[in-house]
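This report refers to the structure that appears directly beneath it.
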Amino acid sequence: MASFFGRAIAAKLARTLHQSEDLFIPALSAVPVFKKQQTADLRLSISILRTNGALPASGDIQMQTEHLANQLKRDSLVQDIATGSAVINFTINRKLLAQKILEPLGTGHHGKIELHNELFNSLKKGTTLVEYSSPNIAKKFHAGHLRSTIIGNFIANLKESLGNKVIRMNYLGDWGMQFGLLGAGFSQFGSKEQLKENPLQHLFEVYVKVNKEAEHNEETMLAARDFYRQLEQNESRAVSLWQQFRDITVSEYQHVYKRLGVHFDVYSGESFHQERVQEVVRQLQNRGLLKTTEKGTGIVDLSVGDRSNVCTVLRSDGTSLYITRDIAAAIDREEKYHFDEMIYVTDKSQTHHFQQLFQILQVMGHSWADRCHHVPFGLVKGMKTRTGEVVFLEDILDEARARMLTNMSHSKMTKEMDDPEDTAQKVGISALIVQDFKGPLQGDYKFDWDKMLQAQGDTGVFLQYTHARLCSLIRMNDDIDAATFDASLLSEQSGVSVLQHLLRYDEVLYQSAQDLQPKHLLNFLLKLCHLTASAHRDLPVKGSPQQIAQARKRLFSGTCSVLANGMRILGIIPVDKM
Ligand code: ARG
């Protein structure tokens, strides 16, 4: 949003210093807003200009700052120029500020925003493959999978909004010994009816039972090994049972993901790369990278100096491991999708796994390995529902909806709602997401239903509440046409603060795109909500003279647009009423 002003000021500087405009764009940023405090709008960093060669890097920086500020003249756009510590602050003409921010946002309020800022030009555009969620069939869907799901969805949304082509991939844990156990266990504990009725639950139950059984029953273990061997050898009876488990699981998951507002372009999985694994092993052999240990396992030695780093890629019986399938999968994806970058989202306990994966790809001669990234996140402690430990994603969503519904039943607006359950679900999910995105992703946090569902304070409920309030204001004033408006009527401080804050939106997205952390965007939106609350109080639309009402409505619909746009990127579906 700062792009118009950034370009204009960069042009002014370029003329004054006889340098290229491009040098100044990265040195300009919107000034952070402090409540009830007047601030300038844009800030020029002199130290950036010293590093990028626009200004000489030697000499007293403050003198340089003052000198440059003195050379610059005010004009119809810049109404004030002031210096700070190694910065020059610009205050934009108030009318132009409102006009150039609100005009591009239009009169809609549902968050369709075109982003074009020079900042984004420096970001790589192209195809991004994001792999996230990736639960394991028949096993628990734990908090780590929920985090991966919402973080991956955010990254995919962000990349998409910045103009990348995004492939959203779910890489299911659909192979390995657990299927031996499941296959063997199903004839003993399974029921076709229950599998139809409640597939995820039933598969999980069978899996738990057969695991217990295998602990003391040698025969069960043998049967499991035999079933897994049949699978690896592609025997049709085993494969067809496995296929059934997989299909049912995928369709169940699709259903739950939909509630969460998440979708995937591809449901891939470890099983897809069985055949490729042999090829990978041959390639490792040909390059002299595969060593066989005394125990008969196959390893790749990645040690450097006395730092030992050994990776096992084959079991002694010749079957593949998690990492072997990941190597095959990565190569396959590169061939299929020609991605410009690939992002894996898992908890931080897998950091070493991904380091080894990227190293092996690199030594195999795949230089694109340096375009693969792992986004690690911390642990969630204490994710429980009223009935106990969470086993299925659905349980968390049900609980979030139920709790939110209870909270909402105390509010009188709920009674006017068409579908309170749906609203409760969306708001409940926002609460989960906001709790998760507030801090740095690498951090651990404690799951807390009561805290995340508070209506006041920095929660998802507060975001939704602000959005719904803006929508209601727009609805209640639908007799006011804000297609044209007089931008000079928005000069009160609380309105200006909102505008100044909106100026930062592009920068914040840029920042999130750099380090893939949602906290920048989230904190921006929360602050926008606080500033909006003040503006809402100070700047009534109803009852104000026509032209003032028009301008204010335009301010609120523009704010609503940015809020909705930002929420959607975070993976939150904004509600219009609550
Ligand atoms: N299914 C794995 C788990 O639950 C996560 C998969 C992560 N992705 C990968 N390509 N290894 O731990």
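Observations on the structure shown:
- Filter result for residue 281 (away from the ligand (no atom under 16 Å from the Cβ), outside any loop (DSSP other than H, G, I, E, B), farther than 27 Å from residue 147 by Cα and touching a Cys at 6+ places or on another chain (Cβ under 6 Å)): no
- Test: residue in the range 73-93 that is in contact with a helix residue (DSSP H, G or I) (Cβ under 6 Å, 6 or more places away or on another chain) and over 30 Å from residue 493 (Cβ atoms): no
- Single unsatisfied condition, residue 170 versus (1) away from the ligand (no atom under 16 Å from the Cβ); (2) modelled with pLDDT of 95 or more: (1)
- For residue 135: the one exception among (1) modelled with pLDDT of 95 or more; (2) farther than 23 Å from residue 247 by Cβ; (3) not polar (S, T, N, Q): (2)
- A residue that is more than 21 Å from the chain's Cα centre (by Cα), among the polar types (S, T, N, Q) and more than 30 Å from residue 550 (Cα to Cα) occurs somewhere in the range 78-87.
- Boolean, residue 383 is more than 15 Å from the ligand (Cβ to nearest atom) and under 17 Å from residue 148 (Cβ atoms): yes
- Strands (runs of 3 or more DSSP E) within the range 40-150 that include 1 or more residues open to solvent by 60 Å² or more (accessible area, probe 1.4 Å) and away from the ligand (no atom under 16 Å from the Cβ): 42-45, 78-84
- Condition broken by residue 401, with the remaining ones in (1) surrounded by 14 or more Cβ atoms within 10 Å (Cβ to Cβ); (2) away from the ligand (no atom under 15 Å from the Cβ); (3) at pLDDT below 95; (4) closer than 30 Å to residue 199 by Cα satisfied: (3)
- Residues considered: 425, 435. Of these, the only one that is out of contact with any Asp or Glu (no Cβ under 7 Å at 6 or more places or on another chain), in contact (Cβ under 8 Å) with a residue 60 or more places away in the chain and in a helix (DSSP H, G or I) is 425.
- Any hit, the range 370-379, residues being farther than 25 Å from residue 279 by Cα, away from the ligand (no atom under 14 Å from the Cβ), within 23 Å of the chain's Cα centre (by Cα) and open to solvent by less than 20 Å² (accessible area, probe 1.4 Å): yes
- From the list 508, 541, the one residue that fits, being out of contact with any strand residue (DSSP E or B) (no Cβ under 8 Å at 6 or more places or on another chain), within 30 Å of residue 375 (Cα to Cα) and open to solvent by less than 10 Å² (accessible area, probe 1.4 Å), is 508.
- Condition broken by residue 391, with the remaining ones in (1) open to solvent by less than 70 Å² (accessible area, probe 1.4 Å); (2) at pLDDT below 95; (3) more than 23 Å from residue 249 (Cα to Cα) satisfied: (3)
- Among the residues making up the range 480-505, a single one is within 20 Å of residue 462 (Cβ to Cβ) and open to solvent by 40 Å² or more (accessible area, probe 1.4 Å): 504.
- Residues that are in a helix (DSSP H, G or I) and not small (Gly, Ala, Ser) were ranked within the range 14-39; the one that is nearest to the chain's Cα centre (by Cα) is 26.
- Residue check, residue 456 in a loop (DSSP other than H, G, I, E, B) and in contact with a Gly (Cβ under 7 Å, 6 or more places away or on another chain): no
- Total residues in the range 258-284, condition in contact with a Lys or Arg (Cβ under 8 Å, 6 or more places away or on another chain), among the hydrophobic types (A, V, I, L, M, F, W, C) and open to solvent by 40 Å² or more (accessible area, probe 1.4 Å): 0
- Annotation: residue 287 fulfils all but one of (1) more than 35 Å from the chain's Cα centre (by Cα); (2) open to solvent by less than 100 Å² (accessible area, probe 1.4 Å); (3) touching a residue at least 12 places away in the same chain (Cβ under 8 Å); the unmet one is (2).
- Pair list, Cβ < 8 Å and 6+ apart or interchain, from the range 526-550 residues that are touching a residue at least 60 places away in the same chain (Cβ under 8 Å) and among the basic types (Lys, Arg) to residues that are assigned to a helix (DSSP H, G or I) and open to solvent by less than 70 Å² (accessible area, probe 1.4 Å): 527/501; 542/549
The values are calculated or read from the model by the stated rules, or taken from the named source; none is laboratory data. Keep in mind it's a predicted model, so treat the numbers as computed, not measured. Using ideal geometry, Cβ is built from the backbone for each residue, glycine included, and neighbour counts are taken over all protein chains shown. SASA here: full protein model, heavy atoms, side chains in, ligands and nucleic acids out. Shrake-Rupley method; radii C 1.70, N 1.55, O 1.52, S 1.80 Å.
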